[in-house]
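Asker: Sharing a structure below in structure tokens format, with a few things to ask.
The values are calculated or read from the model by the stated rules, or taken from the named source; none is laboratory data. Just so you know, these numbers come straight off a predicted model, no measurement behind them. All Cβ positions, even for glycine, are placed from backbone atoms using ideal geometry, and neighbour counts span all protein chains on display.
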Amino acid sequence: MSKPKVGFYWCASCGGCEEAVVDLAEDILKVVEAVDIAFWPVALDFKRADVEAMKDGELAACFVNGAIRTSEQEEMAELLRKKSQLLIAFGSCSHLGGVPGLANLWDRQAIFEYVYKEAPSVTNPDGVVPQEQLKLGSNGYALTLPSFRDSVKTLDQTVEVDYYLPGCPPPVKLIANAVMAILEGKLPPKGTVLAPDKALCEECPRKPTKPDKLALKELKRPHQIQIDSEKCLLAQGLLCLGPATRSGCGAPCVSANMPCTGCLGPTSRVKDYGAKALSAIASLIDAEDEKEIAAIMEQIVDPVGTFYRYSLPASLLHRRVRNLTPGPFPKGKGRD
Amino acid sequence: MSEQWEPRIVAFFCTWCTYTAADLAGISRMTYAPNGRIIRVMCSGRMDPQFVLKALADGADGVLIGGCHPGDCHYQAGNYKALRRYTLLKRVLTEMGIEPERVRLEWISASEGDRVQKVMNEMAEQIRKLGPLQLERPLPQPLPETERGAVPLPVAGRGLRG
């Protein structure tokens, strides 16, 4: 009997998710023993044509990481959807939009202006920006590039998705569990995020030191204080998003003195991660006076980047409202 | 802008103060802008920022939140929590390109029917000045996990004997 075929693909992502697959270490041998990897551009020499030649549903499962930003990524998502029985959104970008999704604070034009013309490291006297098509010579031969969309989308805003593996990158334990579940056919209902459905605080090693009632007079950033390596980070005034974030990672960041930034996204009952995280943090502020509250909130330097770090495209608003975009990239703020 | 456009305001009123005040305004036959769709919540502290975003994403041009005056919350501190969330939410909205004036938090006690009238009129005027919100064509939102049946609810007649 031939082994089931699986595929891996990347869209708008950093490559960290591919690393996470390799981080399975020896366990990857078990995976390779059980399945046939039929498509994995980052590691194996298969081309798009090979996928196109497959029968529909030939791939038992396909893990797609990265957000959807270009027309090519849309096409690949559609192609892989057609060829796969199970399509799994792998990692924060594909699940919620991820860090590339923060580009939804600008549109295509603003991004091109900044990245190709205004960025301090760029020399571009002719103002060349990527074109979708370029006619060469007299024979009319055209070079093409994929179209760059105004907004970043999640995978499930592009095609139907069966399961989600959250995280930036997904924790190895969750990947291994998911692969085993697929191989054994023990899958939960479609649409499930393959991670526990509890907040990170539940599995946080610092939980015993979390006070019953948190009341913060000041919000601090990690570089501003000497962090106590055992005490709850919120109790130390650090903006830790553990209360609003799904567990399953084993709290490696928190264990390394870094507050949770929310990469596993929300639990199943929350629709907009950023709003919920904002709500969780705001309610801990210990002030009743309007001015005092505002002053404490000012200590959050970049609220959208903080609360929607991994989930802007999946949020209810999806992107910055275009007709109010205050010009291109704000200079200085958050960049110095 | 079409002449037909009228500001759509979703007003979340706390049941103990502002909603009662709106009732009073009605009983007292006060007239005010008909642009508000009032939703009664138990407390302004119940206001999840998601409610505001959902309203805006689904076509509201403005959101009004009404709660008890500081110190008067039926649940002691709900209105302070509302104020904290609102303060932070306004910063997020501004960065998302939504005028912060579209969302307003007001303390209106049960006896201030006239204040409901005044605030609703002001709000309608304010939103009229700002114009329709006109969000980008919204993308289809995948159903939340729970609604897709991912978290199975207990079903009668199943379970014990499989």
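Yes/no matrix, rows are residues, columns are (1) touching a residue at least 24 places away in the same chain (Cβ under 8 Å); (2) outside any helix (DSSP H, G or I); (3) buried (at least 23 other Cβ atoms within 10 Å of the Cβ):
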{"residue": "B:Q4", "(1), (2), (3)": "no, yes, no"}
{"residue": "B:T31", "(1), (2), (3)": "yes, yes, no"}
{"residue": "B:R37", "(1), (2), (3)": "yes, yes, no"}
{"residue": "B:V63", "(1), (2), (3)": "yes, yes, yes"}
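Asker: Across the range A:275-306, what is the number of residues that are of a type outside the set (A, V, I, L, M) and facing chain B (nearest Cβ under 7 Å)?
Answerer: 6
Asker: Looking only at helices (runs of 4 or more DSSP H) that lie completely in the range A:1-62, which have at least 3 residues being without any contact (Cβ under 8 Å) to a residue 12 or more places away in the chain, surrounded by fewer than 19 Cβ atoms within 10 Å (Cβ to Cβ) and more than 22 Å from the chain's Cα centre (by Cα)?
Answerer: Fully inside the range A:1-62 and qualifying: A:27-34.
Asker: Suppose we filter the range B:81-103 for residues that are in contact with a Phe, Trp or Tyr (Cβ under 9 Å, 6 or more places away or on another chain) and more than 7 Å from every other protein chain (Cβ to nearest Cβ); how many remain?
Answerer: Qualifying residue count, the range B:81-103: 1.
Residues are listed down the side, and each one gets a yes or a no for (1) in a helix (DSSP H, G or I); (2) closer than 27 Å to B:K90 by Cβ; (3) more than 18 Å from the chain's Cα centre (by Cα):
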| residue | (1), (2), (3) |
| --- | --- |
| A:N177 | yes, no, yes |
| A:E230 | no, no, yes |
| A:G274 | yes, yes, no |
| A:A277 | yes, yes, no |
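Asker: What's the number of the condition A:P211 fails, among (1) surrounded by fewer than 16 Cβ atoms within 10 Å (Cβ to Cβ); (2) not in a loop (DSSP other than H, G, I, E, B)?
Answerer: Answer for A:P211: the failing condition is (2).
Asker: Next question, about the same structure. Only residues that are more than 23 Å from A:L200 (Cα to Cα) and touching a strand residue (DSSP E or B) at 6+ places or on another chain (Cβ under 9 Å): list them for the range A:298-326, please.
Answerer: Within the range A:298-326, A:Q299, A:H318, A:R319, A:R322 meet the criteria.
Asker: Condition first: in contact with a Lys or Arg (Cβ under 7 Å, 6 or more places away or on another chain) and either under 17 Å from A:G16 (Cβ atoms) or not assigned by TED's automatic domain parsing to the domain that holds A:W10 (or both). Now tell me which residues in the range A:153-176 satisfy that.
Answerer: Listed by number, the list holds a single entry, A:P166.
Asker: Residues in the range B:107-115: is at least one on the phi < 0 side of the Ramachandran plot and within 12 Å of another protein chain (Cβ to nearest Cβ)?
Answerer: Yes: one or more hits.
Asker: Given the structure, is A:K210 away from every other protein chain (no Cβ under 14 Å) and closer than 26 Å to B:A77 by Cβ?
Answerer: So A:K210 passes the test.
Asker: Looking at the range A:135-184 only, could you name the residues that are without any contact (Cβ under 8 Å) to a residue 24 or more places away in the chain and within 15 Å of A:A195 (Cβ to Cβ)?
Answerer: Within the range A:135-184, A:N177, A:M180, A:A181 meet the criteria.
Asker: If you take the residues in the range B:39-61 that are in a loop (DSSP other than H, G, I, E, B) and over 10 Å from the mean Cα position of the chain (by Cα), which one is nearest to the other protein chains (Cβ to nearest Cβ)?
Answerer: In this case the residue turns out to be B:D58.
Asker: Of the conditions (1) of a type outside the set (D, E, K, R); (2) touching a helix residue (DSSP H, G or I) at 6+ places or on another chain (Cβ under 6 Å); (3) part of a helix (DSSP H, G or I); (4) surrounded by fewer than 21 Cβ atoms within 10 Å (Cβ to Cβ), B:G26 clears all except one; give me its number.
Answerer: Going through (1) of a type outside the set (D, E, K, R); (2) touching a helix residue (DSSP H, G or I) at 6+ places or on another chain (Cβ under 6 Å); (3) part of a helix (DSSP H, G or I); (4) surrounded by fewer than 21 Cβ atoms within 10 Å (Cβ to Cβ) one by one, B:G26 breaks only (2).
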